[in-house]
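A quick write-up on the structure given underneath.
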Amino acid sequence: MQERESDGRVADRPGGRCRDGYSYDEIATDMGYANRSGAWRLVTNALKDTVDAVAEDHLQLELDRLDALQAPQWGAAVSGDLGAARFVLRIVEDRIRLLKLGKAAPSPKSPHGLVCPVDELEY
């Protein structure tokens with residue numbers, strides 16, 4: 001069985017005990033938890049950390065690919081080549097989407113439509 005890390009995560013293979021067929025009760029007993037809920041949280045957090053790390057690695061790979069595509073087009077784009085400029089802008093849009101930078105909060109709207117100021121004399 002694996003050792004418990006100081007922060008409560010399973011060492012070596014996060015979530016490995018469940019994949020190896022151990023029940024949450026067995027993990028709880030081996031790890032010194034009072035019941036299976038502690039073991040469930042331990043395994044769930046370890047698996048989430050693993051998925052997050054894989055997703056982060058994949059995101060970095062995609063950003064590196066965008067950089068490689070953009071680099072040879074940059075000079076032409078800033079020199080006025082409209083095709084290269086469009087290509088670079090598309091890459092910038094893709095990077096914004098991947099990094100979730102373009103999600104601005106929606107602006108509040110009036111429940112009654114357009115609100116226009118009215119001059120007191122016209123009213």
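Bear in mind these aren't lab numbers, they're just calculated from the coordinates by the rules spelled out. Remember, predicted model here, so these are calculated numbers, not experimental data. Don't worry about glycine lacking a Cβ; one is built from the backbone with ideal geometry, like all the others, and counts go over all protein chains shown.
See the values below:
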| item | result |
| --- | --- |
| Pairwise label distance in nanometres, Val78 with Leu47, each label 7 Å out on the Cα-Cβ vector | 4.8 nm |
| Full-extension gain in nm, Leu69 to Glu26, via 0.36 nm per residue minus C-alpha separation | 10.4 nm |
| Spin-label pair Val54/Ser37, simplified geometry with 7 Å Cα→Cβ offset, distance in nm | 2.9 nm |
| Dipole magnitude of the stretch 16-98 about its Cα centre (Cβ charges: Lys, Arg +1; Asp, Glu -1), debye to nearest 20 | 240 debye |
